[in-house]
Amino acid sequence: MTAPDYSALDADLREVLGPRGVSRDMRQREKASVDGARMSPIIAELLPLGIADIVAFPTNAEEIARVVGIAVRHGAPITPRGKGTGNYGQAIPMPGGLVLDTSRARAVIEVGDGTVTAEAGAPMTAIEQAARATGQQLWMYPSTVHSTLGGFLAGGSGGTGTIAHGSNDMGFVVALDVVTPVSDGELVHLEGDAAQAFVHNYGTAGIIARPTVRLEPLQDWRGLYASFPDFAGSQSVLRELGRLRPAPRLVSADTVHITAQLPPDPAFPEGRSSLRMIADPAIVAAATAIIEGAGGRIEDVREGPQASLALSVLSYNHPIEWLQKSEPGVYFHVEVSGDALIDRIDEVHAVYPGGQLHIEAGHTVPIGMLAGIYESPDAVYQGIARLGELGVGVHNPHQWNVDFRLHETVALARTTDPHGLLNPGKLNPDYAGPTKGAIR
Ligand SMILES: Cc1cc2nc3c(=O)[nH]c(=O)nc-3n(C[C@H](O)[C@H](O)[C@H](O)COP(=O)(O)OP(=O)(O)OC[C@H]3O[C@@H](n4cnc5c(N)ncnc54)[C@H](O)[C@@H]3O)c2cc1C
């Protein structure tokens, strides 16, 4: 296949998006070609994995569809992009081509009773705010609270709200307007399983242009900050706190060492393990009794709309990011889950030198991020195998291949993207699992 003529593509895109809606400027191309992959020392060594030839900035779903239609006519690879906060290189345009940056398609279109429809690039915070104005809240949002709804659905999994609602492939999505290379620049409206098939596969089967997701009645959340003399104390109550009803929006805890790397706060006393909870007022007394009964201390209970967000941004990957910031070049991490994170914590910590766990109550079992001192890719993969022996579920964040319903996505993409134009390099059917790197 001959290389696309990017000058001609540029001219065609300008007709639809205007001169400010397209860029071939090197700074813009570089900016559009990075994500949070530097969190992985294994991927960091391989960067840059690719650089965009051209970047388009559509402002709504119809423009997203037209951009895809034009790029397909030119035979250009298309890598969709939200805020670029994904941390495995999923948003890097490996063969170059067009980066379709959705971040200007940011309108919240309609807040209904129990659902919200927004453009793909709408920030999660803006959607939560719009929902709040109608007495509702999102079922869930990721700890990267300014990331986009399209990026969260295509690249994320869960976060604040996961205790009650699981991951973002468990009923969160009501409908999607998607565009594919075979839809001829048109949006296709999908619901139910047909929409679900486009969740969490990095835009490799189709581009999410306008999602509709679930809301629930607003709760007056409290931000509860507790501390324990050691991590064992925090761990001892995590599952019980997660089982309180109404369900907490988040329960998360850190080792004493990770706690010391979090942004300074009087609620993080020196030398103690922090446990934080986004709790409905109805369970604050019960949570306090559980925490104090296990030798913990309540440091603060905060109110107001910011109470939930302030704790969300200290969840999921963020404590590891703070650890990496305070000791650059030392730590890597893997994403982990299972009761063994609590029941076999000493063995889990021993898998990697300097092992440190950030843990959260999950929908069914605890989830977390295990950090360790980085030695080599092989040591990382051997550790993943060892974690498996301990009964720990692992997601490997040091590779960029689709690893969720891979074969279903491969089959779908065969019909929706027969020439492999969407996010090339991320959908290799021979991906060998979490104890290996991606196949390039
Ligand atoms: C510190 C840190 C904390 C994080 N916390 C969480 C968390 O709590 N929960 C969680 O699930 N994730 C988390 N993540 C991962 C990531 O930040 C989130 O999944 C985020 O929601 C991704 O949104 P984005 O707009 O940045 O997407 P991007 O990073 O821009 O894109 C993510 C993937 O989706 C594709 N994509 C983007 N937009 C579209 C679209 N419209 N249609 C199709 N494909 C598209 C991209 O090509 C890429 O493959 C975290 C990452 C970091 C670094």
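One line per residue, one yes/no per condition, for (1) assigned by TED's automatic domain parsing to the domain that holds PRO211; (2) within 12 Å of the ligand (Cβ to nearest atom); (3) at positive phi; (4) in contact with a Cys (Cβ under 8 Å, 6 or more places away or on another chain):
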{"site": "ALA126", "(1), (2), (3), (4)": "yes, no, no, no"}
{"site": "GLN129", "(1), (2), (3), (4)": "yes, no, no, no"}
{"site": "THR134", "(1), (2), (3), (4)": "yes, no, no, no"}
{"site": "GLN137", "(1), (2), (3), (4)": "yes, no, no, no"}
{"site": "TYR141", "(1), (2), (3), (4)": "yes, yes, no, no"}
{"site": "VAL145", "(1), (2), (3), (4)": "yes, yes, no, no"}
{"site": "PHE152", "(1), (2), (3), (4)": "yes, yes, no, no"}
{"site": "GLY155", "(1), (2), (3), (4)": "yes, yes, no, no"}
{"site": "GLY159", "(1), (2), (3), (4)": "yes, yes, yes, no"}
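Which one is nearest to PRO93 (Cα to Cα), of the residues in segment 400-440 that are polar (S, T, N, Q) and surrounded by 20 or more Cβ atoms within 10 Å (Cβ to Cβ)? Among those residues, the one meeting the criterion is ASN423. Within segment 97-107, is even one residue within 28 Å of LEU215 (Cβ to Cβ), within 12 Å of the ligand (Cβ to nearest atom) and of a type in the set (Asp, Glu)? Checking segment 97-107: at least one residue is within 28 Å of LEU215 (Cβ to Cβ), within 12 Å of the ligand (Cβ to nearest atom) and of a type in the set (Asp, Glu). Reported count of residues in segment 88-124, each being surrounded by fewer than 24 Cβ atoms within 10 Å (Cβ to Cβ) and under 19 Å from LEU427 (Cβ atoms), is 3. If you check SER376 against the conditions, is it among the polar types (S, T, N, Q) and more than 20 Å from SER315 (Cβ to Cβ)? Considered against the rule, which asks whether it is among the polar types (S, T, N, Q) and more than 20 Å from SER315 (Cβ to Cβ), SER376 comes out as yes. Scan segment 221-238 and tell me whether some residue there is in contact with a Ser or Thr (Cβ under 8 Å, 6 or more places away or on another chain), charged (D, E, K, R) and in the same structural domain as ASP346 (by TED's automatic domain parsing). Checked segment 221-238: at least one residue is in contact with a Ser or Thr (Cβ under 8 Å, 6 or more places away or on another chain), charged (D, E, K, R) and in the same structural domain as ASP346 (by TED's automatic domain parsing). The listed residues are VAL174, VAL178, and the only one of them that is touching a residue at least 24 places away in the same chain (Cβ under 8 Å) and within 24 Å of ASP35 (Cα to Cα) turns out to be VAL178.
Considering each residue of segment 314-326 in turn, at least one proves to be over 19 Å from the mean Cα position of the chain (by Cα), over 18 Å from LEU275 (Cα atoms) and either within 13 Å of the ligand (Cβ to nearest atom) or modelled with pLDDT of 95 or more (or both).
The values are calculated or read from the model by the stated rules, or taken from the named source; none is laboratory data. What you are looking at is a predicted structure, and each value in this text was computed from that prediction instead of being measured. So basically every Cβ, Gly included, is an ideal-geometry build from the backbone, and we count neighbours across all protein chains shown.
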